[in-house]
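Notes to accompany the following structure.
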Amino acid sequence: NIYNMSTACQIFKNSYQSFGYDDLIIMPNSCQNDENDNMNSVIDFSINDVNLRTRITTNICINTPIVSSPMDTVTSAEMAIQLALQGGIGILHCNQTIEDQVTQILKVKRYYNGFINDPITFGPYSTAQDIIDAHEKYGFSEFPIIDEDRKLVGLVSRKEIDLLDNPDKINVRDIMMIDLKTAPDSSSLAECTEIIKKCKISRLLIVDSEGKLAKLVCRKDIKVLRKYPLATLHHETRQLMVGAAVSTHESDKTRIHNLIEAGVDFLVIDSSNGATQFQINTLKYIKNISITILEKEIDVICGNVVTGEQARILVMAGANGIRVGMGIGSICTTQNVTGVGRGQASAIFDVAHTVWKMTMMNEINENGKIIVKPWTGRIIPIIADGGISNTGHIVKALARGADCVMLGSMLAGTDEAPGDYYYKEGVRVKKYRGMGSMEAMTQRGSKERYLSSESSGGIVTQGVSGVVTGKGGVDKYVPTLAKAIKHGFQNMGCKDMIYRDVKFEIRTSASILDGNVHHLFSYEH
């Protein structure tokens, strides 16, 4: 078994040391597929041949192994949209009202649609102010107008309303366009695209044989599909995919129900320690309520955990993904405050090793006993969460068993992260705070996550607030990260994210120093 013979197994399995990413280094040309592969084989492929397609849950694949953390200074709808366009995926934080989180999901879902089967419409007696309010809420520039029988009667665009006086007193029927280009509901997306190109219109309205509005196609969506070939799209609806965080508290049952109804693709149970009865109960509730609403189970990522035994508990309970990391985020103080946690490299190895053995090689019977059997094909992805400050850390996490990485500080400084840029000592920065910080705990969601609302006495914080440097837009930043990851994979000798074993060595303090910039008077990137 190459897994048990690996250098990582020798380093971690019988060690009482807790290793971080910087404690290890990957040997070049050391990737092997099976016991017969030779180490140090010649690399015969370029970075363009490296395929980073992976999974974030049992049933959801992404083309770029990057996930945004569910933190209120990292992930809003804007981050989720841009990250999904780049092939990753965003997880909306729960440190907000249910209504706000649902609105964020709807923004993501309505950004790219292909065919929009449930367009936002108005009646002819709606006011121009209603259109203005909808434009501000959803960002759309045109809205179909239908009568009480859903028959298409007009269209209102921004140019009809942007210069109006007293819009609350003007009916839509007095300003709407009635000379409209339509297409039958039997039209394919390719046919609709040709009509849009030929007629030079931004919206094509699709009607049935009775003239009722069936759906519409946006010019912007066609452009998005061509510009972002790696985009994370739902295989049926062709909408961008997005996840959302929930807590284990009883009050979040309403949140869970509303998020599922809003169309969220998966849920993340957000707990600092995931191996609890509270999380198991929440997991079972999500599975049951999703069957009631959707007639199928929704995928759920559980965590956070740092040991194989913790992961085993969640896998047996039905988790579709395991989030790994405790107290190792740049703004997290859990290990200092509680004395509990683990080095992230050790945590990823232990969890990945345990889950791999459970789901790939064995089956658990109803009594919890492991029955050895051939590979079943069941996949429980591992998400490495925290401790990542550069692309080398990402490569090490993926090489050690993670299927994707969750980024907080590395994405918090991008344009799409919530908050405004400002200058501190001449450097362009953005605010970044831990969900266990005093500042974040002014919101109920963060207080509940760390249980401070259930205890007497003062609030015990497990995080800090700080600032990160500006990094520009996700559309340029994430492709750069992905390219760097591909360079790492090429140097290892790995062409894809399918399991490979690579050779690791432990670094000394001198080796770590040598591997960083050193002995320069000054330097620039």
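The values are calculated or read from the model by the stated rules, or taken from the named source; none is laboratory data. Treat the numbers as computed from the prediction; the structure is a model and nothing was measured. Glycine also receives a Cβ, built like all others from the backbone with ideal geometry; neighbour counts cover every protein chain displayed. Protein only, heavy atoms only, side chains kept; ligands, DNA and RNA dropped before computing areas. Shrake-Rupley method; radii C 1.70, N 1.55, O 1.52, S 1.80 Å.
One equal scatterer on each Cα of the stretch 290-347, no solvent, Debye formula: the resulting log10 I(q)/I(0) at q = 0.12 Å⁻¹ is -0.38.
Multiplying the residue separation of R219 and L189 by 0.36 nm and removing their Cα-Cα distance gives an extension gain of 9.7 nm.
For the stretch 172-177, 3J(HN,Hα) computed residue by residue from phi via the Karplus equation (6.51, -1.76, 1.60; θ = phi - 60°) reads 4, 4, 7, 10, 6, 7 Hz, glycine and proline entered as x. In this structure, the pairs whose alpha-carbon distance is over 18 Å, taken from K109/K137; K137/K169; K151/K215; K220/K476; K200/K223; K137/K227, are K137/K169; K220/K476; K137/K227. Taking amide H positions as modeled 1.01 Å from N, with prolines and chain starts lacking one, the residues under 5 Å from L24 and 5 or more places away or on another chain are R507. A Förster distance of 35 Å, applied to the separation of the beta-carbon atoms of H525 and V42, puts the FRET efficiency at 0.65. Over the stretch 37-97, all Cα pairs binned in 5 Å intervals from 0 give whole-percent P(r) values of 4, 16, 19, 17, 13, 10, 8, 5, 5, 2, 1, listed from short to long.
Within the stretch 251-312, which trypsin sites (Lys or Arg not before Pro) sit in a loop by DSSP and count at most 12 neighbouring Cβ atoms inside 10 Å?
K296
Computed 3J(HN,Hα) for the stretch 41-47, one whole-Hz value per residue from the Karplus formula 6.51 cos²θ - 1.76 cosθ + 1.60 where θ = phi - 60°, is 6, 6, 7, 10, 9, 9, 5, glycine and proline marked x.
What Kirkwood hydrodynamic radius, in Å, does the stretch 479-525 give when the mean of 1/r is taken over all pairs of distinct Cα atoms and then inverted?
The answer is 13.6 Å.
The residues neighbouring K486, those whose beta-carbon lies less than 11 Å from its own, together hold a net charge of 0 under the Lys/Arg +1, Asp/Glu -1 convention. Here the accessible area is traced with a 1.4 Å probe on the protein chains. For the chain, carbon and sulfur cover 49 percent of it.
Under a 5 Å amide H cut-off, with hydrogens placed 1.01 Å from N, V305 pairs with G274, R323, V324, G325 among residues at least 5 apart or on other chains.
Quick one: work out the % antiparallel among DSSP beta bridges in the chain, nearest 5.
55
Evaluated at q = 0.16 Å⁻¹, a Debye calculation over the C-alpha positions of the stretch 132-266 (equal weights, vacuum) places log10 I(q)/I(0) at -1.03. Need one word for the stretch 210-252: rounded, prolate or oblate. Basis is the Cα gyration tensor (sqrt eigenvalues a ≥ b ≥ c); a/c below 1.5 gives rounded, then a/b vs b/c decides. Oblate shape, in that a/c is at least 1.5 and b/c is the bigger or equal ratio. Counted without the sites themselves, the longest stretch of the chain free of chymotrypsin sites (Phe, Trp or Tyr not before Pro) in a DSSP loop having at most 16 other beta carbon atoms within 10 Å is 126-374. Taking label points 7 Å from Cα along the Cα-to-Cβ direction, T97 and I178 give a separation of 4.0 nm.
Partners of K197 within straight-line reach, counting aspartates and glutamates whose Cα lies under 17 Å from its Cα and excluding those fewer than 8 residues away in the same chain: D221.
For the chain, relative contact order (Cα pairs under 8 Å, six or more residues apart, normalised by length) works out to 22 percent.
If you take Cα extents along the principal axes in Å from the coordinates, which of (1) 77, 64, 62; (2) 73, 57, 51; (3) 106, 60, 37 do you get? For Cα extents along the principal axes in Å, the calculated option is (1). In terms of the mean number of neighbouring beta-carbon atoms within 10 Å, the peptides 187-195, 213-221, 380-388, 227-235 order highest first as 380-388, 213-221, 227-235, 187-195. Computed from backbone phi, the HN-Hα couplings of the stretch 234-242 come to 5, 5, 9, 7, 6, 8, 4, 9, 8 Hz, rounded to whole numbers (Karplus: 6.51 cos²θ - 1.76 cosθ + 1.60, θ = phi - 60°; Gly and Pro given as x).
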